[in-house]
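Have a look at the structure below before the remarks.
The values are calculated or read from the model by the stated rules, or taken from the named source; none is laboratory data. As the structure is a prediction and not an experimental result, all values here were calculated from the model. Note: ideal-geometry Cβ built from the backbone for every residue, glycine included; neighbour counts use all protein chains shown. To get the accessible areas, we keep the full protein, side chains included, count just its heavy atoms, and leave off ligands, DNA and RNA. Shrake-Rupley method; radii C 1.70, N 1.55, O 1.52, S 1.80 Å.
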Amino acid sequence: MDIRSLQLYVALAEELHFGRAARICHVSPSAATRSIQRLEADVGATLLDRDSRRVLLTPSGKAFLAYARDAIRRWSDMRVQLDPQQSSPRGKLRLYCSVTAAYSVLASILPKVRTKYSEIEMHLSTGDQADALWRVGEGQDDLAIAAHPGGLPDDIAFLSLQHSPLVCIAPRAGCNVAEQVVPGRSVGWNRIPVIMPESGLVRTRLEQWFREQQLEPEIYAYVRGHEAIVGLVALGFGVAVVPQIVLENSPLYEQIVLHSPGPELEAFDIGLIARRRRLEDPLVRAVWQLASESH
């Protein structure tokens with residue numbers, strides 16, 4: 001058996017899911033299956049009870065897990081003793097965030113990571129921040145930058161980095177929507193088209209506010225991603241509520257006006273998200289600690 005097989009086995013024992021464990025170890029699910037089969041043949045015992053729906057550790061598998069973790073720790077310590085340069089974490093780290101977060105949050109962390117940990121290779125994926133918690137939970141990414149959803153599963157850690165108010169925006173001029181939005185007056189939510197997020201924290205908070213105000217807004221569209229929402233507002237299709245940080249980093253900023261008064265919604269608490277057990281990984285821990293020190 002080799003150390004990579006042991007690392008894969010530990011990931012599988014923690015995730016109890018071949019797909020997630022394979023992604024964490026950067027191998028295909030089929031390769032992960034073959035590796036575990038070879039490991040069981042070497043050990044001479046069935047380590048996992050698995051079928052098409054679940055993966056469970058057998059009694060032998062639980063006993064072997066303690067051995068695997070100890071072997072990995074001893075191997076890591078030995079590498080550092082033989083080569084002091086190994087004390088610096090190296091490898092691939094997967095991070096997910098929105099385009100705005102890449103500009104405004106990651107841009108302040110990444111240069112420091114590259115300076116201090118030159119052997120960490122960052123793989124960045126971008127998309128709707130509403131998907132961040134799911135992607136980290138499913139093991140698709142090691143870290144994500146997103147807003148705190150207000151309630152987190154026990155196995156998810158959150159590191160607060162900055163806050164962003166939620167602001168009401170409207171098109172600047174040249175359309176019917178702009179003509180209906182009067183500064184100093186409340187938005188006529190029942191008659192002006194509203195562009196809503198397809199999912200996520202802003203939609204949840206805004207819908208709750210509508211219920212509290214007993215309003216039935218005219219929804220123009222449900223849109224994926226705050227950056228796209230800013231674009232539709234700039235084009236005059238409606239009004240919306242977005243994080244201020246998104247507006248400030250948008251190339252369409254000059255085509256938007258902030259409208260006040262708007263809904264009084266709790267600000268975004270933006271930070272890093274990771275599985276708690278992944279904080280034991282040297283790469284994840286290094287970036288987490290550096291981000292904490294930087295903010």
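At-a-glance table
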{"quantity": "Cα gyration tensor category, rounded, prolate or oblate, for the range 114-156 with a/c compared to 1.5", "calculated": "prolate"}
{"quantity": "Amide proton proximity set for Val187, modelled H, under 5 Å, gap of 5+", "calculated": "none"}
{"quantity": "Rg [Å, one decimal], Dmax [Å, integer] - the range 174-247, C-alpha atoms", "calculated": "11.8, 32"}
{"quantity": "Extent along principal axes [Cα atoms of the chain; Å; largest to smallest]", "calculated": "75, 44, 27"}
{"quantity": "Shape of the range 204-263, Cα gyration tensor, a/c cut at 1.5", "calculated": "prolate"}
{"quantity": "Solvent-accessible area per residue, Å², over the chain with all protein chains present [probe radius 1.4 Å]", "calculated": "52"}
{"quantity": "In Å, descending, principal axis extents of the Cα set of the range 256-295", "calculated": "47, 20, 16"}
{"quantity": "Using a Förster distance of 25 Å, the FRET efficiency for Glu198-Glu138 (Cβ separation, nearest 0.05)", "calculated": "0.85"}
{"quantity": "Whether the range 221-295 is rounded, prolate or oblate, judged on the alpha carbon gyration tensor where a/c under 1.5 counts as rounded", "calculated": "prolate"}
{"quantity": "Computed over the range 17-68: relative contact order in percent, which uses C-alpha pairs under 8 Å that are six or more apart", "calculated": "23"}
{"quantity": "Geometric extent, Cα atoms of the range 62-186 - Rg, Dmax (angstrom)", "calculated": "21.9, 72"}
{"quantity": "Whole-angstrom gap from the range 259-276 to the range 116-172, using each part's C-alpha centre", "calculated": "12"}
{"quantity": "Computed label-point distance, nm, for sites Ala41 and Lys116 using a 7 Å Cα→Cβ extension", "calculated": "4.4"}
{"quantity": "Computed over the chain: relative contact order in percent, which uses C-alpha pairs under 8 Å that are six or more apart", "calculated": "21"}
{"quantity": "Antiparallel %, DSSP beta bridges [both residues in the chain], to 5", "calculated": "60"}
{"quantity": "Arg276/Gln214 FRET efficiency (R0 41 Å; Cβ-Cβ; nearest 0.05)", "calculated": "0.50"}
{"quantity": "3J(HN,Hα) from dihedral phi, the range 58-73, Karplus parametrisation 6.51/-1.76/1.60, rounded to Hz, x for glycine, proline", "calculated": "7, x, 5, x, 5, 5, 5, 4, 4, 5, 4, 5, 5, 5, 5, 5"}
{"quantity": "Accessible-area value, Tyr220, 1.4 Å probe, nucleic acids and ligands omitted, Å²", "calculated": "110"}
{"quantity": "Sequence of Phe158, Phe237, Phe268 from largest to smallest accessible area, 1.4 Å probe", "calculated": "Phe237, Phe158, Phe268"}
{"quantity": "Per-residue SASA entry for Cys25, accessible area with 1.4 Å probe, Å² rounded to 10", "calculated": "40"}
{"quantity": "FRET efficiency, 1/(1 + (r/R0)^6) with R0 35 Å, evaluated for Arg90 and Ser60 via beta carbons", "calculated": "0.60"}
{"quantity": "Equivalent ellipsoid semi-axes - Cα gyration tensor, the range 147-284, angstrom", "calculated": "31, 16, 12"}
{"quantity": "Using θ = phi - 60° and Karplus 6.51 cos²θ - 1.76 cosθ + 1.60, couplings along the range 17-27 (whole Hz; Gly, Pro as x)", "calculated": "7, 4, x, 5, 4, 5, 5, 4, 9, 6, 10"}
{"quantity": "Share of carbon and sulfur in the accessible heavy-atom surface of the chain [1.4 Å probe, %]", "calculated": "48"}
{"quantity": "The range 1-59, Cα convex hull volume normalised per residue, Å³", "calculated": "73"}
{"quantity": "Karplus 3J(HN,Hα) series, Hz, for the range 34-48 with 6.51 cos²θ - 1.76 cosθ + 1.60 (x for Gly, Pro)", "calculated": "5, 5, 5, 4, 5, 4, 5, 5, 5, 6, x, 8, 7, 8, 10"}
{"quantity": "Estimated [θ] at 222 nm from DSSP helical runs (n ≥ 4, -39500 (n - 2.57)) normalised by residues in the chain, nearest 500", "calculated": "-12000 deg cm²/dmol"}
